[in-house]
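Asker: Mind having a look at this structure? Questions to follow.
The values are calculated or read from the model by the stated rules, or taken from the named source; none is laboratory data. Keep in mind the model is a prediction, meaning the values are calculated, not measured. Note that we place each Cβ from the backbone using ideal geometry, even for glycine, and neighbour counts take in every protein chain shown. Just so you know, the surface numbers come from the protein's heavy atoms only, side chains and all, with ligands and any DNA or RNA stripped out. Shrake-Rupley method; radii C 1.70, N 1.55, O 1.52, S 1.80 Å.
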Amino acid sequence: MSFFGLDCTRKKEGEVERKIRANDREYNLSFKYATNSIKTSKYNPFTFLPLNLFEQFQRIANAYFLFLLILQVHPFFSLFHNRLISEKWMNVQVGDIIKLENNQFVTADLLLLSSSEPLNLVYIETVCCEPPNNRLDRFTGTLTFDSQKYSLDNERVLLRGCTLRNTDWCFGLVLFAGPETKLMQNCGKSTFKRTSIDRLMNVLVLFIFGLLALMCIILAVGNGIWENHAGSKFKAFLPREENTVFSAFLTFWSYIIILNTVVPISLYVSMEVIRLGNSYYINWDRTMYHAGSDTPAEARTTTLNEELGQIKYIFSDKTGTLTQNIMTFNKCSINGKSFGQDQSHIHKSPLQRSNMDFSFNRLADPKFLFYDHSLVEGVKLELPDVHAFFRLLALCHTVMAEEKREGDLVYQAQSPDEGALVTAARNFGFVFRSRSPETVTIEEMGIQRTYELLAILDFNNVRKRMSVIVRNPEGKLSLYCKGADTIIYERLHPSCSEVMKVTTEHLNEFAGEGLRTLVLAYKDLDEEYFSEWKQRHHESSVALEDREEKLEKLYEEIEKDMMLIGATAVEDKLQDGVTQTLEQLAKAEIKIWVLTGDKQETAENIGYSCNLLREEMNEVFVVAANSPEEVRQELRDARLKMCPDTEQDKFLIPEIILGNTPKVVQDENVNGEYGLVINGHSLAFALESNMELEFLRTACICKTVICCRVTPLQKAQVVELVKKYKKAVTLAIGDGANDVSMIKAAHIGVGISGQEGMQAVLSSDFSFAQFRFLQRLLLVHGRWSYLRMCKFLRYFFYKNFTFTFVHFWYAFFCGFSAQTVYDEGYITLYNLVYTALPVLGMSLFDQDVNAGWSLEYPQLYVPGQLSQYFSKRAFMMCALHSWYSSLVLFFVPYAATYDTARDNGKDGTDYQSFALITETCLTVTVCVQLGLDLSYWTVVNHLFVWGSLGMFFILTFTMYTDGLYRLRPSSFAFIGTARNCLNQPNVWLTVALTAILCVLPVVVYRFLSSQISPTINEKVRYKVCQMKEPAPRPRRTRLTRRSTRRSGYAFSHAHGYGDLMTSGRFLRRNALTCSTGLIPTGRSPGFKPTGRSAGYSPVGREQNPKQKVEPTSLQMFRAVKDSFF
């Protein structure tokens, strides 16, 4: 770790190969490999002070406050020795051999060793492997055992962060520890996050410093001129500095101190109080509490609240974030007949639905739900097609079964799709019980049968299918296959044409409901042919050249002339309210990018299920090329199709910030809506420096972007790319360890506490239990926080600039002597007492519309994205208003009291009376201005505003009494001024006239703008007032998707898992069910890019016709929003 705790991925320079000697700490320590200690905290006792100061002084104003402080105090202005011992994670070293037990987290990156007898471990000598890196899908190394060398690959490595499943214990050799593990290499480093308002404030503070210096220079020059021309006349009253230059120099620094209230320290204190209060609102929000998991929403930082109101891009994980990662078997088609729940069941509650009776099956899963009773009747009647259907589902898979006690089956599936299908077969009487490398045991209608497993023809992204070849107990050979309809149909026997037509219609119906489909087929094999094919298969599997191509030809040869059995329809359950949330966010002009490690088909299916991708889009582009040139061409073709007239170099605009001129990719308008799907292989090329702008430009034109098969590091790179070239605020949301890097990279990181642990939550800025809470976090809390902060800043700058500029005008009437226009007590109490609580009340309780209307009209969120509430322009308008108000506040009281007398005939134009009148006018004016700015008056606001005014008069009369004057004459010199001055009618007339003149331009401007060009807020508030109804309750409507698109292949598991099943490397023969395995908590990294297989229909029909479909609520919103507003 670096001294400042910022670099969590320390790298050893020059390390090209890692040598590890098993169980030899002395040898391994000589290489100074990293320990397993990981530090994720920001500070430690030694770095807290320097790091905290570094963070605080990133605010330029804090350096200014330190300078003022100095100026004002100045007088001028594992295993050891073959024994198992318990050890903490942090003490594990590279080369240690450690034992893991079932359901334990993997402590470091381990080489999996033999798990049969621990005594065998002492014979392992040396491991040589690659140096630490962030590649999750690759590992190379060699192991020396008994003077022989064996190759090591990624299949033999357990990564830190995974969980050991379905295995009693295993031993592993530590390869990489601590910050050198692949998980930590992908995590990225923690950075200090600041809001866009904080960054803008730094720019504005620099401008204010310049303005302050300019005013002080003008007043210093004025002092020098005045001393030369009129100073000699006042020698009797004031000692005169003969050196006018030195006098001007002292005057300059005196006015620096007097006018420092343009940026008071109370500004930043108040900002932190406001942020803290708005953070508590998030924590206290009961509507964001998830009762099922007893998880409330939590603001884990108090410095980023207003940034939630400016989000333009959301980067979301898929599994566990958008989806529940739970699949349900909903419908099926068997030999041309469709089974499954009626549409009438959709709108019924679970209590109103009639679930099927599976009491005939003692091994049925009680949680399984299905509502078509005719299917179970077909099973009971022993219809051959129905039995063949579920027999295929029970045999053709790579699921592991665990049976800890009789009848209590637990399935461990690499993908939830397979788990759903095997569970469906289990409930309909075909129960998968156990497997070994050579056999699969199932229970068919209560009778246990063991099939000989002869071959697994595994899935990959090109094949889009998997097959098993088995021999039943009677000796019959069969091939069972399941896969994408477009792939299976090409390999069916011609006699299946009629059934295929009907099945295709069923598939279109299933796809229209957003279900994920598979087609099932089988083929009986000849014993002699299979023996010959098996021999050729063995020869190809050990070939040194073109092994994959030879095996693929053999698979193609045997997987033909199959007989169609039917199709399945599985629902990948979205989390509650995901679709509605995404629609609301889209209405708020927020762009959604899905970054997932799942395969392309799975990601596309979810995109269509939650309406991110829609059938009525003009086009969905799929980038799945294998070379940089092809990726560039596909991106360029897509962009030119969306924007044919775009010019190559006209999309970059300079953005000057504090002297830097970064390039910003401007938004490009396009007619229509488009989507983009890009796989991880192509994304790796697209993120290269010479192509990143092409990718970003194309992606930003699209309404939705889905990046699939991406690594954690690529997720962070995509976020960083948007941050670098787009002037927009980003938010990343995820639930697993593989989302940590993008959560850290985004402006706002949101963690979902789900099934994949707490890593994402611990790295996040905000957290909750369900994705649907995101719309309330942004559209309600985020918008309110941003609106309140902007109102606070505009008002705070107004009241302080006005307060300070009066000093400037007074300097021309006091000989530039650095005399203050106000009483010293008033100067002290102005920001602390008289104006502190009203502005805090506004900043904590104000709301233009309530939460219900904020959700009803998500377009209210758009001004925040455009920084319309507070910007450089808004600041300049505020400064001009303050300049005008200060002129009124000085010259109106000056003119009103010039050469006047009180009721008793005494002179009323003394300095103290003028100071008090000006103070009263200023206090009343800023309170009136705050009343105009407030949109929502509460009891607290009334108390704060009227209480502050009352406190002003109470303290004024108290401080100007005779008693305090006698105690401290120098501090309370305005004796009797309040009672002598404020009893004059002309004084109150002056106060009223001044307040009216100060706020009059604001009232006129707001009235005219609301009539000529009303803002979205004014339109909505007007409509809400016209309706005179309470806020609407959140709507939980069910959206029905009409689509002709269906999944090419529903499974999300990776290539190579079938080889794992038949190898026996992770199978325990002596267990009850012969089922062991390791299931990582993350997604499989295996990947081969493929193109999209849309538009093909084996029955001569267009698979994806552009039918007339029902408009979604988002489309209807877009159709009416202009006419409404």
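Asker: Which of the peptides 665-675, 594-604, 297-307 is most tightly packed, and how do the rest follow, judged by the mean count of other Cβ atoms within 10 Å per residue?
Answerer: In decreasing order of mean packing, 665-675, 594-604, 297-307 become 594-604, 297-307, 665-675.
Asker: With every protein chain left in place, what is the accessible area of MET90 in Å² (1.4 Å probe, nearest 10)?
Answerer: 100
Asker: Checking the cross-link filter: which aspartates and glutamates have an alpha carbon closer than 17 Å to that of LYS715, excluding same-chain neighbours under 8 positions apart?
Answerer: ASP137, ASP317, ASP598, GLU688, GLU692, ASP735, ASP739
Asker: Let me ask something else about it. Take the residue pairs LYS587/LYS727; LYS744/LYS791; LYS404/LYS464; LYS19/LYS88 and return only those whose Cα atoms are more than 27 Å apart.
Answerer: Exceeds cut-off: LYS744/LYS791; LYS404/LYS464.
Asker: To continue, here is another question. Given the protein chains as shown and a 1.4 Å probe, how many square angstrom of ILE743 are accessible, to the nearest 10?
Answerer: Looks like 0 Å² after rounding.
Asker: Another one. According to a simple spin-label model (label point 7 Å from Cα along Cα-to-Cβ), what is the distance in nm between THR900 and LYS19?
Answerer: 9.6
Asker: Ordering TYR830, TYR33 from largest to smallest accessible area (1.4 angstrom probe), what's the sequence? Walk me through the numbers on the way to the answer.
Answerer: Details: TYR830 0, TYR33 20 Å².
The most accessible residue leads, giving TYR33, TYR830.
Asker: How much net charge surrounds ASN941 when only the other residues with a Cβ under 12 Å from the Cβ of ASN941 are counted, with Lys and Arg +1 and Asp and Glu -1?
Answerer: -2
Asker: Here's another thing I want to ask about it. Less than 13 Å Cβ to Cβ from ALA543, Lys/Arg counted +1 and Asp/Glu -1: what total charge do the surrounding residues give?
Answerer: -2
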